[in-house]
Amino acid sequence: MRKDVRILLVGEPKVGKTSLIMSLVSEEFPDLVPYRAEEITIPADVTPERVPTHIVDYSEAEQTDEQLFQEISKANVICIVYSVNNKKSIEKVTSHWIPLITENTDKDSRVPLILVGNKSDLVEHSSMETVLPIMNQYSEIETCVECSAKNLKNISELFYYAQKAVLHPTGPLYCPEKKD
Ligand code: GTP
Ligand code: MG
């Protein structure tokens, strides 16, 4: 059985990565957050899958590219966070984040990705229409979820999906070369 799960949150500045982590931990929306949350460890007995879980924040303002690459290579699952009211932050998922993650992870070990659309409290319409084609294009993406750090909507679900993606992946663990 797996020892622990390491969840990394990445995404454009200000999409709400730190707020999501703080909302999960304190069960309320923090008005003020630092750029980067301290790494937190959730003990096995309070996680849905009974596995110690580390949650790791990223902030461009406080970390170098080198530190980011290292965190990417250490992660068991990566949440790419965008803001549902910010188109640019969605575009960057495919133009920046997925290629960067691919470059910094071992080709043989599939690191599941979760697309996280935060700030759902700010819009009426779902971003799923925009995100579904991305999901279909990249088999690494395990699932997507819309949430709000502010309304505490889908926050615990998000971290549960991340944990589950590592412990019970639905996709192939490796892609053997096609034989003829
Ligand atoms: P960097 O650390 O700079 O990369 O940003 P970040 O992704 O950690 O975002 P952060 O948590 O600092 O939030 C950025 C701003 O968005 C803050 O003003 C938050 O209060 C706000 N915010 C975060 N989540 C939500 C949300 O779910 N709804 C709304 N309305 N605002 C949010
Ligand atoms: Mg932050």
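Phi angles of segment 100-108 translate, via the Karplus equation with coefficients 6.51, -1.76, 1.60 and θ = phi - 60°, into HN-Hα couplings of 4, 5, 4, 5, 10, 10, 4, 4, 7 Hz per residue; Gly and Pro are given as x.
Sum -39500 (n - 2.57) across every DSSP H segment of at least 4 residues in the chain, then divide by the residue count to get the 222 nm mean residue ellipticity, nearest 500.
-8500 deg cm²/dmol
Projecting label points 7 angstrom from Cα along Cα→Cβ for Thr170 and Thr143 puts them 0.7 nm apart. Exceeding 24 Å between C-alpha atoms, which entries from my cross-link table qualify? They are Lys17/Lys74; Lys3/Lys153; Lys14/Lys164; Lys88/Lys164; Lys87/Lys164. Those over the limit are Lys3/Lys153; Lys14/Lys164; Lys88/Lys164; Lys87/Lys164.
Let me cross-check Leu152: its accessible surface, 1.4 Å probe, with only protein heavy atoms counted, in Å² to the nearest 10? Here the residue's solvent-accessible area equals roughly 70 Å².
Fully extending the segment from Arg50 to Asn151, taken as 0.36 nm per residue of separation minus the present Cα-Cα distance, adds 33.7 nm. Summary of the geometry: segment 1-53 and segment 130-148, compared by the centres of their Cα atoms, lie 20 Å apart. Projected over all directions and averaged, the alpha-carbon convex hull of segment 10-132 occupies 8.5 nm².
The shape of segment 12-56 can be summarised by an equivalent ellipsoid whose semi-axes, obtained from the alpha carbon gyration tensor, come to 22, 11, 8 Å from longest to shortest.
The values are calculated or read from the model by the stated rules, or taken from the named source; none is laboratory data. Only a predicted model underlies this, so the values are computations on that prediction, with no experimental measurement involved. Cβ coordinates were reconstructed from backbone atoms using ideal geometry, including for glycine residues, and neighbour counts include every protein chain displayed. All accessible areas refer to the heavy atoms of the entire protein, side chains included, with ligands and DNA or RNA removed. Shrake-Rupley method; radii C 1.70, N 1.55, O 1.52, S 1.80 Å.
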